[in-house]
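Asks: The structure is given below, and queries will be raised subsequently.
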Amino acid sequence: MKKWLMGLMVVLVAFGMSACSEKSASSEDTIKIGAVIDSSGGSAPLGKGEEETLKMLVEQVNEEGGIGGKKIKLISIDSKSDQNEAVLATKKLIDQEKVQAIIGGTISGNSLAMIPLIEKAGVPYISLAASKQVNNPDDGSSRKWTFKTAQGDDIVIPKLLEYLKSQDLTNVAWLGVANSYGTSGHEEFEKLAPEYGIQAIVEEEFEATVNDAKAMLTKVKKENPQAIIVWGTAKESAVITKNIRELGMEMPIIESHGIGSKDFIELAGDAANGVIFPAGKLLVVDELAENDKQKSTLLKYKAAFEKTYNKEPSTFGGHTWDAFHILKIALEKSKGDKAKIRDELEKTQSFIGISGEFNMTSDDHNGLGPDSLIMVKIDDDGKWSIGE
């Protein structure tokens, strides 16, 4: 009996050592990248394109042999458009999965909620959200490990104000979503509008879950602004835009770069016609000059995405394209060491991406300038065109 038990123990120990050896070998042969993306919930019109792009790129790189001979293991968690879910996902990726880097944070609130965990753990992180607070917080809190590929409201708001000034639209209404994205945009607007001679004669907030805003808009209509700024993302902005037109308000509607997907047009219907907003160049790539330094990159991404998913890519998927490729370069140069990955991310220079040309420094973990934006108009046939 004792011999039988001893034999069993030997077998079990051998099996355990073999399993550990296989696990270790598997770990050594892969690079773990984590993703926290809103593939469901209110922010899904942004997150779906991000997740699809990331999966497409990981598959492409793995088919080509990986990075330094190592295949990428993508661990993508749906944060369900919820800050708590985003925090839990981040904790899992750091503590359990031991990822080498994280991409994600579809919306500003989620990204901001994730950052304290990431900074404490020392994990390279590339956010996909817009708020300047993500990479350049007013409170001066640490952003050593945090980078960002979306154009920030600190460059989007000036572009919007330039347009308003050029059109002599000086008395406007500001309607912003009541979350971190809306707050950050409003703060920049308040700070910079006087420099352009722009005044908000009425300011209102709406929830990201809004279904009907006619009561709020009736008050706005009484003030008769020359134009209405709607600062939100696709789903809630579509509701506001439809309500504006349903109330017979015919003034120009200028929106944020958060509506840069076909989902907005589908949700808003004919009310989207004539809407203008600042965005990256992807939406109007066919209209760009042949010598535009981004055009060939944009066309390659567009063709690859359409071939894979049989639909057009969004600017939000473009943020993921940028994040993945910038991270890939850093991984190739750093050989997987997290501190070296971070340092290489910070050295990113003259990288031509979907959102623009990235030139990062120790003081600028976004690296995009005003030339990364163009005014885009939605035509009567639901197509994008250059709006300036």
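The values are calculated or read from the model by the stated rules, or taken from the named source; none is laboratory data. Computed from a prediction, not measured in an experiment: that's the story for all the values here. Using ideal geometry, Cβ is built from the backbone for each residue, glycine included, and neighbour counts are taken over all protein chains shown. Just so you know, the surface numbers come from the protein's heavy atoms only, side chains and all, with ligands and any DNA or RNA stripped out. Shrake-Rupley method; radii C 1.70, N 1.55, O 1.52, S 1.80 Å.
Asks: Over the residues of segment 293-388, compute the C-alpha Rg and express it relative to 2.2 N^0.38 Å.
Replies: Here the answer is 1.25, to two decimals.
Asks: Now a separate question. Take every DSSP beta bridge whose two residues both sit in the chain, then give the antiparallel share in percent to the nearest 5.
Replies: The antiparallel proportion sits near 25 percent.
Asks: Name the residue, out of ALA121, ALA130, ALA89, whose mean-square fluctuation peaks in a Gaussian network model built on the chain with Cα pairs under 10 Å.
Replies: In this elastic network of the chain, the residue with the biggest mean-square fluctuation among ALA121, ALA130, ALA89 is ALA121.
Asks: Scale the Cα Rg of the chain by the rule-of-thumb value 2.2 N^0.38 Å and send over the ratio, two decimals.
Replies: That works out to 1.09 for the chain.
Asks: Another question, then. If you wrap a convex hull around the C-alpha atoms of segment 215-266 and split its volume per residue, what is the figure in Å³?
Replies: Considering the Cα atoms of segment 215-266, their hull volume per residue is 73 Å³.
Asks: Distance check, please: which entries in LYS92/LYS347; LYS32/LYS91; LYS262/LYS311; LYS242/LYS383; LYS132/LYS333; LYS98/LYS335 exceed 19 angstrom between their Cα atoms?
Replies: Too far apart for the 19 Å limit: LYS92/LYS347; LYS132/LYS333.
Asks: Let's test the formula: R0 of 45 Å, r as the Cβ-Cβ distance of GLN60 and GLU207. What FRET efficiency results, to the nearest 0.05?
Replies: E(calc), rounded to 0.05, equals 0.70.
Asks: Can you find, among GLN167, GLY122, THR209, the residue sitting farthest towards the positive end of the charge dipole of the chain, where Lys and Arg contribute +1 and Asp and Glu -1 at Cβ?
Replies: GLY122
Asks: Enumerate the aspartates and glutamates that LYS293 could reach by cross-link, defined here as Cα to Cα under 18 Å, with residues fewer than 8 away along the same chain left out.
Replies: Excluding near neighbours in sequence, the set is ASP322, GLU357, ASP371.
Asks: Which value at 222 nm does the chain reach when only helices count, each DSSP H run of 4 or more adding -39,500 (n - 2.57), with the total divided by all residues and rounded to the nearest 500 deg cm²/dmol?
Replies: Calculated from helices alone, the mean residue ellipticity at 222 nm is -14500 deg cm²/dmol.
Asks: Please state the equivalent ellipsoid semi-axes for segment 66-168: what are the square roots of 5 times the Cα gyration tensor eigenvalues, largest first, in whole Å?
Replies: 30, 15, 13
Asks: With the full set of protein chains in place, find how many percent of the accessible area of the chain is carbon and sulfur; take the probe as 1.4 Å.
Replies: Of all accessible area on the chain, carbon and sulfur atoms account for 50 percent.
Asks: Take the alpha carbon atoms of segment 228-352, find their radius of gyration, then divide it by 2.2 N^0.38 Å using N residues; give the quotient.
Replies: 1.32
Asks: Over the chain, what is the relative contact order in whole percent, taking alpha-carbon pairs under 8 Å and six or more residues apart?
Replies: 16 percent
Asks: Hey, what D do you get for segment 159-305 in µm²/s if you plug the Kirkwood alpha-carbon radius into Stokes-Einstein at 20 °C and 1.002 mPa s?
Replies: 133 µm²/s
Asks: On average, how much accessible surface per residue is there in segment 117-212, in Å², for a 1.4 Å probe, leaving out ligands, DNA and RNA?
Replies: For segment 117-212, the solvent-accessible area averages 40 Å² per residue.
Asks: Still on this structure, please answer the following. In whole Å, how far is the Cα centre of segment 334-388 from that of segment 146-201?
Replies: Using only Cα atoms, the two centres lie 19 Å from each other.
Asks: Quickly work out the ASN224-to-ILE75 label distance, labels modelled 7 Å from Cα along the C-beta direction, and quote it in nm with one decimal.
Replies: 6.1 nm
Asks: Rounded to the nearest 0.05, what FRET efficiency do GLU119 and LEU299 have when you use their Cβ-Cβ distance and R0 = 41 Å?
Replies: Working from the Cβ atoms, E equals 0.65.
Asks: Could you do me a favour and compute the accessible area per residue for segment 255-388, 1.4 Å probe, result in Å²?
Replies: Per residue, segment 255-388 has an accessible area of 42 Å².
Asks: Follow-up question, since we're still on this one. Can you figure out the FRET efficiency of GLU250 with ASP363, using R₀ = 30 Å and their beta-carbon distance, to the nearest 0.05?
Replies: Efficiency at R0 = 30 Å is approximately 0.10.
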